[in-house]
Amino acid sequence: MITTQAKLFLIFTVNGIIIGLLFDFFRILRKSFKTKDFITYIEDIIFWILTGFIILYSTFTFNNGEIRLFLFVGIILGILLYMLFISSYVIKINVSIITFIKKLVIKIFNIVIIPFKFIYKLIRKVFFKPISFCIINIRKISTKFLNKIHNKVKTKTKIKNSAEN
């Protein structure tokens, strides 16, 4: 009886360590990637669903669904042991790995995109420069034409006003 309870206590202590790892997984994601509050709420919900599933699965698998106080003590002890002795190392290592991978992916992306930048610049020179040149010149010509018309209308109005006076 006592050996069975000791085994259960160890199993649920391991469950606490697994829950601590799961918690750190979400902490690592938050430290590595900027997420909006909405995504953080979803991550929290996923964490609690997974935690509940782990506890319920272990309770039904190893203890026939019986809930005892020492099971929760084992879970809390496992979480505390993990947080005190292992968590900081896991976070540091994984954040540095993810940061390295992010930098590597960005560098690879920047290298892969070089031909596309060249093609874009070439297309821009060949197609967009002449079009923008035409548009600018059409604007200049139309502005000069409209200014001439405006000036003629002004002079005609001045002549009419001086003739009426």
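Inspection of the range 66-78 identifies at least one residue that is among the charged types (D, E, K, R) and over 27 Å from the mean Cα position of the chain (by Cα). Screening the candidates 10, 29 for the property of being of a type in the set (A, V, I, L, M), surrounded by 15 or more Cβ atoms within 10 Å (Cβ to Cβ), assigned to a helix (DSSP H, G or I) and assigned by TED's automatic domain parsing to the domain that holds residue 51 yields one hit, 29. For the range 85-131, a residue qualifies if it is touching a residue at least 24 places away in the same chain (Cβ under 8 Å) and under 23 Å from the mean Cα position of the chain (by Cα), and the qualifying residues are 90, 91, 94, 95, 98, 99, 102.
The values are calculated or read from the model by the stated rules, or taken from the named source; none is laboratory data. This structure is a prediction, so every number in the text was calculated from the model and none was measured. Cβ: placed from backbone, ideal geometry, glycine included. Neighbour counts: every protein chain shown.
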